[in-house]
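For reference, the structure discussed in these notes is given below.
The values are calculated or read from the model by the stated rules, or taken from the named source; none is laboratory data. What you are looking at is a predicted structure, and each value in this text was computed from that prediction instead of being measured. All Cβ positions, glycine included, derive from the backbone under ideal geometry; neighbour counts span all protein chains shown.
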């Protein structure tokens, strides 16, 4: 007498169930491969900048990395140095030295709040990040 395979009668594990259509909208983000690498590149690039207050640097790194990751995901690839440069230029951080407290106020507290990070990234229009996307990505 043969018995049924036990797994056929069990419900799928919750972690293995996936929707064919992932949720979209504010706060959900746009996934892309290797988005964490944007933070590594952002950290390297922000180390080259001069800040009036050294404490602001970490928040700026997080903000620039998140915006660079958003740009890369909108284009449909992993982050590059060009994405980080576009993010830095979007906030005008490469044009001024030293970077003042007024310039970094927008980034305040990003390193310590996921909700603030999502709000920050959602506030940056994707159209501005991706206009001329091929030029910025290929020049670096």
Exercise. Within the range 29-51, which residues are at negative phi, in a loop (DSSP other than H, G, I, E, B) and within 10 Å of the chain's Cα centre (by Cα)?
Worked result: 30, 31, 32, 35, 36
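Please work out if residue 45 is in contact with a strand residue (DSSP E or B) (Cβ under 9 Å, 6 or more places away or on another chain) and surrounded by 14 or more Cβ atoms within 10 Å (Cβ to Cβ). So that I can check it myself, show each step before the final result.
Working: in contact with a strand residue (DSSP E or B) (Cβ under 9 Å, 6 or more places away or on another chain): no; surrounded by 14 or more Cβ atoms within 10 Å (Cβ to Cβ): yes.
Answer is no for this residue.
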Seminar exercise, completed: Log entry, pairs with first residue in the range 98-121 being on the phi < 0 side of the Ramachandran plot and free of Cβ contacts under 8 Å to residues at least 12 places away in the same chain, second being in a helix (DSSP H, G or I) and surrounded by 11 or more Cβ atoms within 10 Å (Cβ to Cβ), beta carbons closer than 9 Å, six or more apart or on different chains, reads 105/56; 112/59; 113/119; 116/110
Problem set entry | Hey, residue 6 under 26 Å from residue 107 (Cβ atoms), at pLDDT below 85 and surrounded by fewer than 10 Cβ atoms within 10 Å (Cβ to Cβ) or not | no
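Just one of 105, 116, 26 is assigned to a loop (DSSP other than H, G, I, E, B) and either farther than 24 Å from residue 131 by Cβ or at pLDDT below 90 (or both); which is it? Can you show your working first?
Working: 105 fails: assigned to a loop (DSSP other than H, G, I, E, B); 116 fails: assigned to a loop (DSSP other than H, G, I, E, B).
So the residue among 105, 116, 26 that is assigned to a loop (DSSP other than H, G, I, E, B) and either farther than 24 Å from residue 131 by Cβ or at pLDDT below 90 (or both) is 26.
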Exercise. Say we look at the range 52-101 and pick out the residues that are exposed (fewer than 15 other Cβ atoms within 10 Å of the Cβ) and assigned to a helix (DSSP H, G or I); which of these is nearest to the chain's Cα centre (by Cα)?
Worked result: 89
